[in-house]
Amino acid sequence: MPAQPQRRALLRAMLALAATPAMASGTDAALPDRAGSPLAPWQPGWLDIHHIATGRGNATFVMLPDGTSMLIDAGASNNDLDTSVAPRPDASRRAGEWIGRYARRHLQRADLSRLDYLLVTHVHPDHTGDVGAGSPLAPNGKYRLSGVTDVAELLDIGTVVDRGYPDYAYPAPVQAPFADNYRAFVQERRRAGLAVERIRVGSATQLRAQGHRPGAPAFEIRNVAANGEVWSGQGESAVAHFPPLSTLARADWPNENVCSIAVRLGYGRFSYFTAGDLTSYTEDGALPWRDILGPAARVAGPASVATADHHGMFDGLDAGVVRALRPQVWVVPTWHIVHPDMLQLERMFSQRLYPGPRDVFATTVMRENLLANGRLTSRMRSHDGHVVVRVAPGGMRFHVAVTDNRNEDDRVTLVTGPYLA
């Protein structure tokens, strides 16, 4: 164990790396974003993928080439500060409010006002919002405000898509205040005549272009996995991987994580893969069917950019998943003291699993994790900030801009790229 001064020096070095602009050899004069300047507004033909860093859970805001918009999750964990980072930008607002304001700000910069899709990968508080007795009630008094419900107060949402609608009964209803609150939100949407849909695994038309900017190049969002089903790779058919519940002990039934939604976003040569909290862990071979991330990665990959799902925890990426996806850029949605796991980082950086350069970014890593995993976290390009993947018109190349999450100025702190898709 290094002495205390050495540990402090290691932490300072890692934080300096996270805040240092990319070397000139890794940047392009034609890129629209510059360190020290505000993030350039979205333009028609661009694909922007914003991994929002609130320090409270997952939230990814997507602006598609024709102006179609989608928010993937809106997490709002209430974990204590001994195990989770302090809220970003600060604790003056709830995480869902910060997420909603972020999405609204970038929509307004594009002269848009509505969020077309809210995709809820699974019903856990760091993806949908935690609630307690002190959580404020929505104006209609039917549910409490946190995460997705805070976003819904700030933005009109065209369609909510999740894994469980309409009955949320598979494999069994989650019995917890956060799940009750989400179901109450969905029920009120339906009473108001607003759209809610269950994910259709295999479909490439459920999440589709809304045509806000006519003439923009085409893109595709493929529903790759959910509820133990995985796209077959042919047409819009899917294959069931879970065994019948009647053959399993109750303790072995699938949980929310392994039922998560996975999607693949394709634009020209560029592709992006993300899968909520899907894992590849099989209880050391005892439950092989629990590995849904592996089949999903194999049918979707390779990818230009991929998230390290389940926050880069121990049960996320196995070697097969990394080989199948082999992205140029990994994004790790982090906020808890155990995010990311050292073995996960070993695999992401491994030249044995796939050759060539790759960059790893994380949204918000705790100081304790930076120190414990310093041998590998020191190799990451960024540890704190919104990670914005920007794909140029046509999908041939992209770059990554990290922006400051300590305020709402969208100031760029780091630019890497361009990468060829």
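The values are calculated or read from the model by the stated rules, or taken from the named source; none is laboratory data. Because the structure is a prediction, the values reported are computed rather than measured. Please note: Cβ atoms are built from the backbone with ideal geometry, for glycine as well, and neighbour counts cover all protein chains shown. Accessible surface is based on the protein model in full, side chains and every heavy atom, while ligands, DNA and RNA are left aside. Shrake-Rupley method; radii C 1.70, N 1.55, O 1.52, S 1.80 Å.
Key figures for this structure:
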| quantity | calculated |
| --- | --- |
| Scan of segment 213-247 for residues that are hydrophobic (A, V, I, L, M, F, W, C) and part of a strand (DSSP E or B), ordered by number | I221, V224, A225, A226, V230, W231, A238, V239, A240 |
| Residue selected from segment 272-305 under the condition buried (at least 23 other Cβ atoms within 10 Å of the Cβ) and polar (S, T, N, Q), by the criterion nearest to L325 (Cα to Cα) | S304 |
| Selected residue (only one of R163, R200, R222 is under 28 Å from A138 (Cα atoms), at pLDDT 95 or above, charged (D, E, K, R) and in contact with a strand residue (DSSP E or B) (Cβ under 7 Å, 6 or more places away or on another chain)) | R163 |
| Number of the condition not met by A238 [criteria: (1) in contact with a strand residue (DSSP E or B) (Cβ under 6 Å, 6 or more places away or on another chain); (2) open to solvent by 60 Å² or more (accessible area, probe 1.4 Å)] | (2) |
| Cross-chain or 6+ apart pairs with Cβ under 8 Å, segment 362-382 first and over 23 Å from T60 (Cβ atoms) and open to solvent by 10 Å² or more (accessible area, probe 1.4 Å), then β-branched (V, I, T) and assigned to a helix (DSSP H, G or I) | none |
| Filter result for V160 (open to solvent by less than 10 Å² (accessible area, probe 1.4 Å) and touching a Lys or Arg at 6+ places or on another chain (Cβ under 7 Å)) | yes |
| Selected residue [more than 20 Å from F270 (Cβ to Cβ) and touching an Asp or Glu at 6+ places or on another chain (Cβ under 8 Å)] from L343, L370, L317 | L317 |
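Residue-wise test of (1) open to solvent by less than 60 Å² (accessible area, probe 1.4 Å); (2) under 21 Å from the mean Cα position of the chain (by Cα); (3) closer than 25 Å to R101 by Cα.
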{"residue": "E153", "(1), (2), (3)": "no, no, yes"}
{"residue": "A169", "(1), (2), (3)": "yes, no, no"}
{"residue": "A176", "(1), (2), (3)": "yes, no, no"}
{"residue": "R183", "(1), (2), (3)": "yes, no, yes"}
{"residue": "E188", "(1), (2), (3)": "yes, no, yes"}
{"residue": "A192", "(1), (2), (3)": "no, no, yes"}
{"residue": "A204", "(1), (2), (3)": "yes, yes, no"}
{"residue": "R208", "(1), (2), (3)": "no, yes, yes"}
